[in-house]
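First up is the structure itself, then whatever we jot down about it.
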Amino acid sequence: MALAPAPVVAEPVYVPPPAPPIVSSGRSSVVGSWNAKDATGATCKVSLSSAPALDLYKANASGCANKDLAKVTAWDYRDGEVYLYQPGGTVTARLRQGGGALDGALSKSGASLALAR
């Protein structure tokens, strides 16, 4: 006498969750043009280049009312922060990445500074 085959039971299929979105960080993620806004509400353009300038990278600012920000010629990315420099190596501002923008302060006055795309 033959035994009937056991009924086939479908196993639950494991579907892995989607991968988290890749949030780019680091030097390459901040290269490009930014709209800067200082504590007074004044806005201007700041461009961070990937072109080397000695041990830093080239930068420029245009249309900035803030005299220190207008002098920016170089930048660097260190320890999760973007540093903006004037000629002679003076740090103009330090900014941290957050939510696709850069937020920080001007070094001389401590006034807030934000860069957004």
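Where a number appears in this text, it was derived from the coordinates with a stated rule and is not lab data. This structure is a prediction, so every number in the text was calculated from the model and none was measured. We place every Cβ from the backbone using ideal geometry, glycine too, and count neighbours over all the protein chains shown.
Per 0.36 nm of contour for each residue apart, how much would the distance between Ala111 and Ala70 grow if the chain were fully extended, relative to their Cα-Cα spacing?
Numbers: separation 41, 0.36 × 41 = 14.76 nm, distance 1.50 nm.
The span from Ala111 to Ala70 would gain 13.3 nm if fully extended.
Gain in length, Ser47 to Ala101, computed as 0.36 nm per residue apart minus the alpha-carbon separation, to one decimal in nm?
Here the segment from Ser47 to Ala101 would lengthen by 18.1 nm.
Which shape class, rounded, prolate or oblate, goes with segment 32-111 when its Cα gyration tensor gives a ≥ b ≥ c as root eigenvalues, a/c under 1.5 marks rounded, and past that a/b bigger than b/c marks prolate? It would help to have the intermediate numbers written out before the result.
Working: a/c = 1.38, a/b = 1.21, b/c = 1.14.
Rounded, because the longest to shortest axis ratio a/c is under 1.5.
Name the residue farthest towards the positive end of the dipole of segment 32-111 from the options Gly100, Ala59, Ala39, assuming +1 on Cβ of Lys and Arg, -1 on Cβ of Asp and Glu, about the Cα centre.
After comparing all options, I get Ala39.
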